[in-house]
Amino acid sequence: MRKNKNGRNSGDRCDRCYEGTLHPQKVSETILKRGRALVIDDIPAEVCSRCGYRYFDIKVIRAMDALFGEYAVHIDLPKIVFQEAIALQRAA
Ligand SMILES: [Zn+2]
């Protein structure tokens, strides 16, 4: 069995829900940090069969950080203040 740096392997019990088991799967992650964004597809992960929590090998996390640094772009996401936005919605 392949052992990763976090000690989580296929077939292991999930550390979050304690009910599901982990299965290898390729996943897509959308990363948003400090006004920059990147979508990465086909990332290897161990995914819980019950809660869907994704476990990444530390090497994969480091690679994702490096890819983010290289490929992420600045974006202007709309930003609102919750209470003000709700008040305006009611007034409309
Ligand atoms: Zn789980």
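Values quoted throughout were computed directly from the atomic coordinates according to the rules given, and no laboratory measurement underlies them. Treat the numbers as computed from the prediction; the structure is a model and nothing was measured. In this analysis, Cβ positions are derived from the backbone assuming ideal geometry, glycine residues included, and neighbour counts consider all displayed protein chains.
The relative contact order of region 22-91 comes to 29 percent, based on Cα pairs under 8 Å that sit 6 or more residues apart.
For a label point 7 Å from the Cα of LEU88 along Cα→C-beta, name the residues of region 21-35 whose backbone N is under 20 Å from it. From region 21-35, the list is empty. Restricting the trypsin sites (Lys or Arg not before Pro) of the chain to loop positions (DSSP other than H, G, I, E, B) with no more than 15 neighbouring Cβ atoms within 10 Å leaves ARG2, LYS3, LYS5, ARG16, ARG34, ARG50, LYS79. Note on TYR71 and ARG50: the model spin-label points, each 7 Å out from Cα along the C-beta direction, lie 3.4 nm apart. Relative to the longest principal axis of the Cα atoms of the chain, the long axis of helix 82-91 makes an angle of roughly 50 degrees. Put in line by how crowded their Cβ is, counting other Cβ atoms within 10 Å and starting with the fewest, GLU46, GLU70, GLU29, GLU19 read GLU70, GLU19, GLU29, GLU46. By other beta-carbon atoms within 10 Å, ranking PHE82, PHE68 with the fewest at the front produces PHE82, PHE68. For the residues GLY52, GLY20, GLY35, a GNM of the chain with alpha-carbon springs under 10 Å puts the largest fluctuation on GLY35. In the chain, the calculated helix contribution to ellipticity at 222 nm averages -8000 deg cm²/dmol per residue, counting -39,500 (n - 2.57) for every DSSP H run with n ≥ 4.
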